[in-house]
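Peer 1: Below you'll find the structure I mean.
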Amino acid sequence: KGLILNGIITLSVQNATIFYWCFSALAAGFVVCGIVLLVLSFVSKNEIVISSDCLIAPKNSFSKKMITVNFKDINGVEIQAIQKTRILNIYHVDGRLSIADSMLPGKKHFEELVSILQSNVKSLKVAK
């Protein structure tokens, strides 16, 4: 006997074997992706640098590529809340830079970053 899924799909022994191998390969792929993302999170340099005229931050949580945004090029900022995570979206002439609060050591540092942006960018209002 092969495989019967909810009485709707019936597979022969040979087709059930193929199904199980495909399902196993998919599960193994998820495990490999998880391990790669875990390693990248430890290897990537997640540091945010604020100078007198710009902000330098990683493109995203797992990226090694650093993005430089001049304060004069910032068009707007908003804080997006997704469950317990807050994300600072910085809109600038070249696109958007998103900084999640989990990229920083603590919630206090996230608030400090928002405050620094408000003080360095003229006429900036943070949308919450």
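Peer 1: Volume per residue, Å³, of the convex hull around the alpha-carbon atoms of the chain?
Peer 2: On the way: hull volume 21.3 nm³, N = 128.
In the chain, the Cα hull volume divided by residue count equals 166 Å³.
Peer 1: Over the chain, what is the percentage of antiparallel beta bridges among all DSSP beta bridges, to the nearest 5? Write down the numbers at each step before the final one.
Peer 2: Details: 24 of 26 bridges.
The antiparallel proportion sits near 90 percent.
Peer 1: Then there's this: Just to be sure I understand: with springs between alpha-carbon atoms less than 10 Å apart, which residue in I35, I48, I90 has the highest mean-square fluctuation in the Gaussian network model of the chain?
Peer 2: Answer for the Gaussian network model of the chain: I35.
Peer 1: Right, something else. Quick one: how many Å² of E47 are accessible to a 1.4 Å probe, rounded to 10?
Peer 2: Roll a 1.4 Å probe over it and E47 shows about 90 Å².
Peer 1: Turning to a different aspect of this structure: Ranked by accessible surface with a 1.4 Å probe, highest first, in what order do K84, K108 come? Don't skip to the answer; put the middle values down first.
Peer 2: Details: K84 180, K108 150 Å².
Order by accessible area, largest first: K84, K108.
Peer 1: Below 8 Å between Cα atoms, with a sequence gap of 6+, how large is the relative contact order for the chain in percent? Intermediate values should be presented prior to the final figure.
Peer 2: Values: 156 pairs, mean separation 19.3, N = 128.
Dividing the mean separation by the residue count of the chain yields 15 percent.
Peer 1: Specify the residue with the greatest mean-square fluctuation among I56, I74, I82, computed from a Gaussian network of the chain linking alpha-carbon atoms under 10 Å apart.
Peer 2: I82
Peer 1: What is the count of Lys pairs in the chain whose alpha carbons sit under 17 Å apart, if the two are 8 or more places apart or on different chains?
Peer 2: Lysine pair count for the chain: 10.
Peer 1: Heads up, I need the accessible area for D101: 1.4 angstrom probe, whole protein in place, Å², nearest 10.
Peer 2: Here the accessible area works out near 10 Å².
Peer 1: Okay, moving on. Under 10 Å, Cα contacts only: if you run a Gaussian network model on the chain, which one of F110, F23, F42 comes out with the highest mean-square fluctuation?
Peer 2: Highest fluctuation of the listed residues: F23.
Peer 1: How much mean residue ellipticity at 222 nm does the chain get from its helices, if each DSSP H run of length 4 or more adds -39500 (n - 2.57) and you divide by all residues, to the nearest 500 deg cm²/dmol?
Peer 2: Values: 2 runs with 45 residues, N = 128.
Dividing the helical sum by the residues of the chain leaves -12500 deg cm²/dmol.
The values are calculated or read from the model by the stated rules, or taken from the named source; none is laboratory data. Since the structure is predicted, the reported quantities are computational estimates derived from the model, not experimental observations. Surface areas here come from the heavy atoms of the whole protein model, side chains and all, with no ligands, DNA or RNA. Shrake-Rupley method; radii C 1.70, N 1.55, O 1.52, S 1.80 Å.
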